[in-house]
Each structure stands twice: as structure tokens, then as C-alpha cells.
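J.: Dropping the structure in here first, questions after.
The values are calculated or read from the model by the stated rules, or taken from the named source; none is laboratory data. The structure displayed is predicted, hence computed values, not measured ones. Quick reminder, even Gly has a Cβ in these numbers, built from the backbone with ideal geometry, and neighbours come from all protein chains shown.
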Amino acid sequence: MSVDHFLSTHPALVFVKVTDAKGSTPREAGAYMLVAPAAVYATIGGGHLEFLAIDKARAMLAAGEASATLDIPLGPEIGQCCGGRVVLALTSLDAQARADLLAREEAARELRPEIHLYGAGHVGLALAAALAAPSVQCHA
């Protein structure tokens, strides 16, 4: 699913962005995900870190909160062994923020490598699925 499709099908969203990553962390600063009441787009690294972020984002949606910050140590106390520390910024997406995100995604899409895949056998289909990541434009 593309970010524009996700944005168009989920009117209430929280943008969760890694603003600082120190030490060993699952994702770098700048990684983000979108959280809706019953769906998530992208990832900030999975595990309990992501569970905490999704839980807070959904609580924000339910309470109508505009923004929040989470500072999470990634250690045994939350069941992650990375050992680093992550700061997350959580922001409810208004119309302007949605437009800005779409513009950034479109600009990034222009820079992605483009792959043309010919053949629709089992190998071609598996390869097309693997190349469907947001970082690659795949034309099957």
C-alpha cells in the first residue's frame, strides 16, 4: 500500500517520527510510521518500542491530543536488547501536514531506483513482491 493510499483511507492519523537515536537502535533518526485507529503504515523498528509508540498514538487519537514526545531506553526493562535510546515525536496529522508528507514522499519517489521486471512466472512474482518496498519503483 502506498502512503497516499493510506492517507486517503484513514482520516485520523498520528505521524510517529524518530527524532533522535543514540547507541544501538533499530532505526535511524528520520524513520517514521503512520498510526491509525486500526492500521499502521511503515515501521520505526518493531518490537516493544513500536508497540509503545502505537499504543501512545492510538491514545492520542482517542483523546484528541495534538502532539507528544516519548524518550525510550532500549534495554531489558522493555524487552529490547538494543541498548540504545530513541526519542519519538508523535503528531496528529492535519490537512497541511498530510500535504507536506505527500510532497516529501513524491520527491523521494523520484529518486528511487527503477526496475523493469519481465515475466510473470513464480520467480518473477516473488521478485516483484520483494521489490515492492517503498525504496524501489518496480514495474512488473
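J.: Which of the numbered conditions does E65 fail, given that it passes all the others? Conditions: (1) at pLDDT 90 or above; (2) among the acidic types (D, E); (3) loosely packed, with under 12 Cβ neighbours inside 10 Å.
T.: Condition not satisfied by E65: (3).
J.: Right, here's the next one. If A36 passes every condition in (1) aliphatic (A, V, I, L, M); (2) touching a residue at least 40 places away in the same chain (Cβ under 8 Å); (3) closer than 15 Å to T91 by Cβ but one, which one does it miss?
T.: Result: A36 passes all but (2).
J.: Surrounded by fewer than 13 Cβ atoms within 10 Å (Cβ to Cβ), β-branched (V, I, T) and within 25 Å of A130 (Cβ to Cβ), is that true of T9?
T.: Answer is yes for this residue.
J.: Say whether the condition of being modelled with pLDDT of 90 or more and among the acidic types (D, E) is met by at least one residue in the range 102-115.
T.: So far as the range 102-115 goes, no, none of its residues is modelled with pLDDT of 90 or more and among the acidic types (D, E).
J.: Is it fair to say L7 is in contact (Cβ under 8 Å) with a residue 40 or more places away in the chain and in a helix (DSSP H, G or I)?
T.: Working: in contact (Cβ under 8 Å) with a residue 40 or more places away in the chain: yes; in a helix (DSSP H, G or I): yes.
Judged against the criteria, L7 is a match.
J.: Now, a different point. I'm checking my understanding of the structure. Among residues of the range 70-94 that are charged (D, E, K, R) and loosely packed, with under 13 Cβ neighbours inside 10 Å, which one is farthest from the chain's Cα centre (by Cα)?
T.: E77
Here's the yes/no breakdown for (1) outside any helix (DSSP H, G or I); (2) among the β-branched types (V, I, T); (3) within 18 Å of E105 (Cα to Cα):
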residue	(1), (2), (3)
P26	yes, no, no
A29	yes, no, yes
A38	yes, no, no
Y41	yes, no, yes
H48	no, no, no
K56	no, no, no
A62	no, no, no
L70	yes, no, no
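J.: Moving to a separate point now. In the range 95-113, how many are surrounded by 10 or more Cβ atoms within 10 Å (Cβ to Cβ) and either without any contact (Cβ under 8 Å) to a residue 12 or more places away in the chain or not in a loop (DSSP other than H, G, I, E, B) (or both)? Even if it seems obvious, please write down each step before you answer.
T.: So the first thing to find is which residues in the range 95-113 are surrounded by 10 or more Cβ atoms within 10 Å (Cβ to Cβ), and the list is 97-106, 108-109, 112.
Imposing the further condition that a residue be either without any contact (Cβ under 8 Å) to a residue 12 or more places away in the chain or not in a loop (DSSP other than H, G, I, E, B) (or both) reduces the set to 97-106, 108-109.
Selection size over the range 95-113: 12.
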